[in-house]
Amino acid sequence: MFDGLFLRGSHLLADTAHHLWFPEQASTYAAESDGTYSMILWISLAFFIPLAILMVYFPIKYYQRKGGKATSRVTHHNVLEVTWTIVPCIFLVIMFVRGSWGYLDMATPPEGAKQVDLTAFKWGWSMNYGKGAIHPELHVVLNQPTKVVMRSTDVLHSFFIPAFRLKQDVVPGRYITAWFQATTPTPKVSQEEYEAALAAHEESGDEVWDYDRYQMTPDGYRYFDLFCAEYCGRDHSAMQSYVVVHETQESWDEWIRKISSRGETPLAEYGEKLYQLRNCIGCHSNEPNNILVGPTFHNLYGYERQMADGETVLADEQYIRESILDPKAKVVMGFQPQMPSFKGQLSDDDIASLIAYMKTLSDRGETASEAALDDDAAAADDADAAAAQPVEAIAN
Amino acid sequence: MTTGAATAPGGVRDAGFVSDNENYLKNSSGVLSWMFTLDHKRIGIMYLVGILTSFLGGGLLAMVIRYHLMAPGGATTISNDAYNQLFTLHGAIMVFLFIIPSIPAALGNFLVPVMLGAKDVAFPRLNLSSFYLWVGGAIFFVGALLMNGLDTGWTFYTPYSTSTDTSVVMATFGAFILGFSSIFTGLNFIVTINTMRPPGMTWFRMPLFLWATYATSIIQVLATPVLGITLLLLIAENVMHIGIFDPEFNGDPVTYQHFFWFYSHPAVYIMILPAFGIISELISVHSHKGIFGYRFIAYSSIALALLSFLVWGHHMFTSGMSSVTVVIFSALTFTVSVPSAIKVFNWVATMYKGAISLTTPMCYALAFLFLFTIGGLTGLFLGTISTDLHLHDTYFVVAHFHYVMMGGTVVSFVGGLFHWWPKMTGKMFNEAGGRISALIVFVGFNLTFLPQFLLGNQGMPRRYATYDPEFQWLHQLSSIGAFTLGIGLLVAGLVLLHSLYAGRQAPANPWGGATLEWHCTSPPPFYNFKHAPVVGDPYEFANVHYDEATDNYVFTELPRTLVPEEPVKTPTPAGGQS
């Protein structure tokens, strides 16, 4: 039960990124923030320690048995009281000025900052790097200013990277910008370690990569935590992502290339990957009796669906495509119209991959639609073209 | 009148003991005599029972929460949804049902008229109705819990609160009703204190508890209507989609936050100001020395009441307000820390050269001083913008407001309860047991919340049902502390309950206080005072003497001196210099 407490020593050794007092300082902003923190801490201690000593000393020194009389009748001392009103004010002004200075310095992003469009949703993050490269992880380049333009599709979220000392609420109905400049890289782990982690992952049978366990991303990079800091419902605490700071622009480019196309990966396999990366998995399980926020994908394809308005619809390719792009058009009976639209976020090829994946989850996947099988081949041919030109993707 | 009281029984004033048919607890009996009572003391006792029940409920929820957080994935089988409901109910019950009414409604109702030497508050029927409004609000809250639960956090932030399936409308309606209870209580106290002070009690001869209550009442009357408006708008948005808070209907969630904190920040001072009042009484009485810097403390209560209306924006530094707004709110926020600092210095100075009795109430008051100072100082990290951007919405905030609200308000409430318990019930409690409870509470409290500052530094966000493994050891320390704290409060409760049937009968003035409540019997007669008493300085202890035979403090006449003692021989010329 108290294993965490007792293993603390070894745990800290294993996980050097998390220091006892503060996380690593990994942005230009962190040192200033921590410096201000220490300043306030020392000022506070300078007030607290004498007060605490007096709080202990007076009751001991002036303790008297019942019936004792106070040895002083002083009721006030104006000079003293004015002093202890004004002296704290001076320190408060210092704190205010330094805190605001540090904040205003960081208020406007510099010219030429690299832009990443962030979408926060229940319960995940999606970073749009442009040209159809969309991924839940935030990848940036060392010492390069990065501007994150944020929006939320549902409720309030908050973008929080402790290592950067940065927090910004994401407000639905507004675009809000945050920016930072990372000063510490998160390097790629050694090949042996990476392979060991991949093997362990394979062995564990986990569907989703366990970042905390392996202390690396599925691509083998170390990372900084990215949390949602504004309460947003059921899986608020699971709404985490990971920040990778590449040492060079080339390394970043390479990673973007890797995620932005399906390449040679078969449709269904890529669909399964998207199912996890785009967090379909957050609301739709792939198991028979596990109903989350939305319907399970198990035995969805090829089955008749009862809609909330009483209509019955066959879950075919077009139905699934419509449900992804315009989720509120047809809502299955017993569910809330909560799903955000993925219009512009998933390319035709991505949708085809997801449909292919759903077919593998359905016992009618092979038989229901011969036409779809033919489409598979066609879609595979079009894959590269589609990846480069997603549906209405990122016109900017 | 030169010798001590015990040796000069002739000139001693002591209220003695109350007869059964005048004792407010016994002068009538039966459930109806309580339900329809207009006696402020009985209403205070009914509030006390209701509030302590809420505290027990909210406290047990906290224990479940802390138990769940023993393991990163959750130490219990509680689902994330259930966890979210747990912390929401813990917060909502503690804030709306316990802390806001705790000191003003329970202790205040009992004490304000007695301290004024009055027979009752100005509007006894309004007083009773405010109690039933509290009961009504509580029923709505508990009803919301039993129907669909509530999972929005106690802040009801939109658009989450307009999109969740849980009983938001019912719970907010409960909070709306509770708001009226709070307004009526505040209104009653303002009128009572303004109009019913006895002969001799000028504004600056009021006990500081009354100053604090007065300041609190001002906030209750001015700020709570804004909460009512906000909650009504929220209900309207939920039911009719009027488009004010929900972006789906062209509303703006940040507007809701402004509305909400415009009430809820002053509400923080509704919670803490009465605690300041209690501490001023406790430190002075148990040091048997006049309060140091009476006027500074009194003025700082009023200053806090007014400044508290100007600083709501510091809850929203990361919400996307403009940089200028953020900087302005940061500056205003720092101003509000000055009056609190003044009070702490004055309390510590009060103990200097006093005659300190380490009674249970004094032990709690000392615990308060220590905990509230930490709570106040850690607020500086949150008022400073650059550090707040890191600490906002993390466990640092959780620790900070628990140090202020629990280490401050709850500890002083418990201290005040021990202090006035003999007066309220006529029974003395076991001193050793009370002191032990104060010690356990103090140790448990620090063990619970100091690790949470570290968690916040490291970036652990609040309201998380599960967390990353590296935070586990601090969470476990905190949980162990929480259980210790729970045991400490349990001991305190048992000591008080034990006194009810095994306690020695309390004398009129067991601690040596000089304010009016110590001039009437314990418990007071239903009419409090036969005649309106004439009062002087509430912190004059020269004529309060200990009588060992009865373990009681008695009053002697103050030695009177002619003023001026000798006629001034050469009158100062008008406007002249000395």
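Just to be sure I understand, how many residues within the stretch B:220-267 are farther than 30 Å from B:SER337 by Cα and away from chain A (no Cβ under 13 Å)?
Result for the stretch B:220-267: 11.
Return yes or no: is B:ALA106 over 30 Å from B:GLN476 (Cα atoms), touching a Cys at 6+ places or on another chain (Cβ under 6 Å) and crowded, with 19+ Cβ neighbours inside 10 Å?
Taking the combined requirement at face value, the residue does not satisfy it.
Can you confirm whether B:LEU382 is in contact (Cβ under 8 Å) with a residue 40 or more places away in the chain, more than 7 Å from every other protein chain (Cβ to nearest Cβ) and surrounded by fewer than 24 Cβ atoms within 10 Å (Cβ to Cβ)? Before you say what the answer is, go through the steps one by one.
On the way: in contact (Cβ under 8 Å) with a residue 40 or more places away in the chain: yes; more than 7 Å from every other protein chain (Cβ to nearest Cβ): yes; surrounded by fewer than 24 Cβ atoms within 10 Å (Cβ to Cβ): yes.
For B:LEU382, the condition - in contact (Cβ under 8 Å) with a residue 40 or more places away in the chain, more than 7 Å from every other protein chain (Cβ to nearest Cβ) and surrounded by fewer than 24 Cβ atoms within 10 Å (Cβ to Cβ) - is met.
B:THR515 - would you say it is closer than 15 Å to B:MET63 by Cβ and more than 9 Å from every other protein chain (Cβ to nearest Cβ)?
no
With the requirement that a residue be under 16 Å from A:TYR242 (Cα atoms), not in a strand (DSSP E or B) and not hydrophobic (A, V, I, L, M, F, W, C), what does the stretch A:134-182 give you?
Correct list: A:PRO136, A:GLU137, A:PRO162, A:ARG165.
Please specify each residue of the stretch B:232-259 satisfying the condition of being under 25 Å from the mean Cα position of the chain (by Cα) and crowded, with 24+ Cβ neighbours inside 10 Å.
Applying the first criterion (under 25 Å from the mean Cα position of the chain (by Cα)) to the stretch B:232-259 yields B:257-259.
Within the stretch B:232-259, just B:GLN257 meets the criteria.
Mind checking which residues of the stretch B:333-356 are more than 9 Å from chain A (Cβ to nearest Cβ) and aliphatic (A, V, I, L, M)?
Within the stretch B:333-356, just B:VAL336 meets the criteria.
Given the stretch B:351-462, what helices (runs of 4 or more DSSP H) lie entirely inside it while holding 2 or more residues that are within 30 Å of A:GLY68 (Cβ to Cβ)? Let's see the steps before the verdict.
Working: elements: B:360-383, B:385-391, B:395-404, B:411-425, B:431-458.
Correct list: B:360-383, B:411-425, B:431-458.
Listed residues B:TYR214, B:TYR256; which is part of a helix (DSSP H, G or I), under 30 Å from B:ILE356 (Cβ atoms) and of a type outside the set (Lys, Arg)?
Values: B:TYR256 fails: under 30 Å from B:ILE356 (Cβ atoms).
When all the criteria are applied, what remains is B:TYR214.
Is it true that some residue in the stretch B:164-184 is of a type in the set (Val, Ile, Thr), over 25 Å from B:ILE302 (Cβ atoms), under 21 Å from the mean Cα position of the chain (by Cα) and not in a helix (DSSP H, G or I)?
Step one: of the stretch B:164-184, the residues of a type in the set (Val, Ile, Thr) are B:164, B:166, B:168-169, B:172, B:177, B:183.
Then drop every residue that is not over 25 Å from B:ILE302 (Cβ atoms), which leaves B:164, B:166, B:168-169, B:172, B:177.
Those still in the list that are under 21 Å from the mean Cα position of the chain (by Cα) too: B:177.
Among the residues that remain, those that are also not in a helix (DSSP H, G or I) are: none.
The answer is no, given that none of the residues of the stretch B:164-184 is of a type in the set (Val, Ile, Thr), over 25 Å from B:ILE302 (Cβ atoms), under 21 Å from the mean Cα position of the chain (by Cα) and not in a helix (DSSP H, G or I).
On the basis of being farther than 28 Å from B:THR333 by Cβ and outside any helix (DSSP H, G or I), does B:GLY243 make the cut? Steps first, answer last, please.
Values: farther than 28 Å from B:THR333 by Cβ: yes; outside any helix (DSSP H, G or I): yes.
Against the criterion (farther than 28 Å from B:THR333 by Cβ and outside any helix (DSSP H, G or I)), B:GLY243 qualifies.
So which residues in the stretch B:289-314 are more than 8 Å from chain A (Cβ to nearest Cβ) and among the small types (Gly, Ala, Ser)? Give the steps one after another, and end with the answer.
Within the stretch B:289-314, the subset more than 8 Å from chain A (Cβ to nearest Cβ) is B:297-314.
Passing the criteria: B:ALA298, B:SER300, B:SER301, B:ALA303, B:ALA305, B:SER308, B:GLY313.
For the stretch A:308-326, indicate whether the set of residues that are farther than 24 Å from A:GLU269 by Cα and within 30 Å of the chain's Cα centre (by Cα) is non-empty.
Yes, the conditions are met somewhere in the stretch A:308-326.
Of all the residues that make up the stretch B:357-368, how many are at the interface with chain A (Cβ under 7 Å from one of its Cβ atoms) and surrounded by fewer than 24 Cβ atoms within 10 Å (Cβ to Cβ)?
At the first step, the residues of the stretch B:357-368 found to be at the interface with chain A (Cβ under 7 Å from one of its Cβ atoms) are B:357-358, B:366.
Imposing the further condition that a residue be surrounded by fewer than 24 Cβ atoms within 10 Å (Cβ to Cβ) reduces the set to B:357-358.
Within the stretch B:357-368, residues that are at the interface with chain A (Cβ under 7 Å from one of its Cβ atoms) and surrounded by fewer than 24 Cβ atoms within 10 Å (Cβ to Cβ) number 2.
Quick one: in the stretch A:204-216, which of the residues that are more than 14 Å from every other protein chain (Cβ to nearest Cβ) and farther than 26 Å from A:ASP154 by Cβ is surrounded by the fewest Cβ atoms within 10 Å (Cβ to Cβ)?
Going through the stretch A:204-216, the residues more than 14 Å from every other protein chain (Cβ to nearest Cβ) turn out to be A:204-205, A:207, A:209, A:216.
Narrowing the set further to residues that are farther than 26 Å from A:ASP154 by Cβ leaves A:204-205, A:216.
Values: A:SER204: 12, A:GLY205: 6, A:MET216: 22.
Only one residue tops the list, namely A:GLY205.
Any idea how many residues of the stretch A:217-228 are within 11 Å of chain B (Cβ to nearest Cβ) and farther than 22 Å from B:ILE78 by Cβ? Let's see the steps before the verdict.
Going residue by residue through the stretch A:217-228, those that are within 11 Å of chain B (Cβ to nearest Cβ) are A:224-228.
Narrowing further to those that are farther than 22 Å from B:ILE78 by Cβ: A:224-226.
Of the residues in the stretch A:217-228, 3 are within 11 Å of chain B (Cβ to nearest Cβ) and farther than 22 Å from B:ILE78 by Cβ.
Does the stretch A:233-254 include one or more residues that are loosely packed, with under 14 Cβ neighbours inside 10 Å and within 14 Å of chain B (Cβ to nearest Cβ)?
First pass over the stretch A:233-254, keeping only residues loosely packed, with under 14 Cβ neighbours inside 10 Å: A:248-250, A:253-254.
Still in the running and within 14 Å of chain B (Cβ to nearest Cβ): none.
Within the stretch A:233-254 (the criterion being loosely packed, with under 14 Cβ neighbours inside 10 Å and within 14 Å of chain B (Cβ to nearest Cβ)), the answer is no, since none of the residues qualifies.
Are any of the residues in the stretch B:75-91 more than 24 Å from B:ILE480 (Cβ to Cβ), of a type in the set (Gly, Ala, Ser) and part of a helix (DSSP H, G or I)?
no
Looking only at the stretch A:315-330, which residues are surrounded by fewer than 18 Cβ atoms within 10 Å (Cβ to Cβ) and assigned to a loop (DSSP other than H, G, I, E, B)?
Residues of the stretch A:315-330 surrounded by fewer than 18 Cβ atoms within 10 Å (Cβ to Cβ): A:316, A:318-319, A:321-322, A:325-330.
Residues satisfying the conditions are A:ASP316, A:ASP326, A:PRO327, A:LYS328, A:ALA329, A:LYS330.
Out of B:ILE78, B:ILE45, report the one residue that is modelled with pLDDT of 90 or more and within 21 Å of B:ASN148 (Cβ to Cβ). Even if it seems obvious, please write down each step before you answer.
Details: B:ILE45 fails: within 21 Å of B:ASN148 (Cβ to Cβ).
Only one candidate passes the filter, namely B:ILE78.
Mind listing just one residue for me: the one in the stretch A:79-109 that is aromatic (Phe, Trp, Tyr) and facing chain B (nearest Cβ under 7 Å) and, of those, surrounded by the fewest Cβ atoms within 10 Å (Cβ to Cβ)? Even if it seems obvious, please write down each step before you answer.
Of the stretch A:79-109, the ones aromatic (Phe, Trp, Tyr) are A:84, A:91, A:96, A:101, A:103.
Of the ones still in play, those that are also facing chain B (nearest Cβ under 7 Å) are A:84, A:96, A:103.
Working: A:TRP84: 19, A:PHE96: 21, A:TYR103: 24.
My answer is A:TRP84.
Based on this model, can you work out whether B:THR561 counts as at pLDDT below 90 and either within 29 Å of B:VAL441 (Cα to Cα) or out of contact with any helix residue (DSSP H, G or I) (no Cβ under 7 Å at 6 or more places or on another chain) (or both)?
Details: at pLDDT below 90: yes; either within 29 Å of B:VAL441 (Cα to Cα) or out of contact with any helix residue (DSSP H, G or I) (no Cβ under 7 Å at 6 or more places or on another chain) (or both): yes.
Here the answer is yes, as B:THR561 does meet what is asked.
Any residue at all in the stretch A:42-65 that's at pLDDT below 95, assigned to a helix (DSSP H, G or I), polar (S, T, N, Q) and within 20 Å of B:GLY290 (Cβ to Cβ)?
no
Find all pairs meeting these conditions: Cβ atoms under 6 angstrom apart; at least six residues apart or on different chains; first residue within the stretch A:216-234 and more than 30 Å from B:GLY149 (Cβ to Cβ); second residue assigned to a loop (DSSP other than H, G, I, E, B) and of a type in the set (S, T, N, Q).
Here the result reads A:TYR221/A:THR186; A:ARG222/A:THR186; A:TYR223/A:THR186; A:TYR223/A:THR217, each pair linking the stretch A:216-234 to a residue that is assigned to a loop (DSSP other than H, G, I, E, B) and of a type in the set (S, T, N, Q).
Condition check ((1) exposed (fewer than 14 other Cβ atoms within 10 Å of the Cβ); (2) of a type in the set (Asp, Glu)) across all residues:
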position	(1), (2)
B:ASP14	no, yes
B:ASN27	no, no
B:MET35	yes, no
B:ARG42	no, no
B:LEU52	no, no
B:GLY59	no, no
B:ILE65	no, no
B:LEU69	no, no
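Can you tell me which residue within the stretch A:25-40, out of those that are over 25 Å from the mean Cα position of the chain (by Cα) and of a type outside the set (Ser, Thr, Tyr), is nearest to A:THR186 (Cα to Cα)?
Residue satisfying both the conditions and the ranking: A:GLY35.
The values are calculated or read from the model by the stated rules, or taken from the named source; none is laboratory data. Worth saying up front: this structure is predicted, and the values here are computed from it rather than measured. Note that each Cβ is placed from the backbone with ideal geometry, even for glycine, and that neighbours are counted across all protein chains shown.
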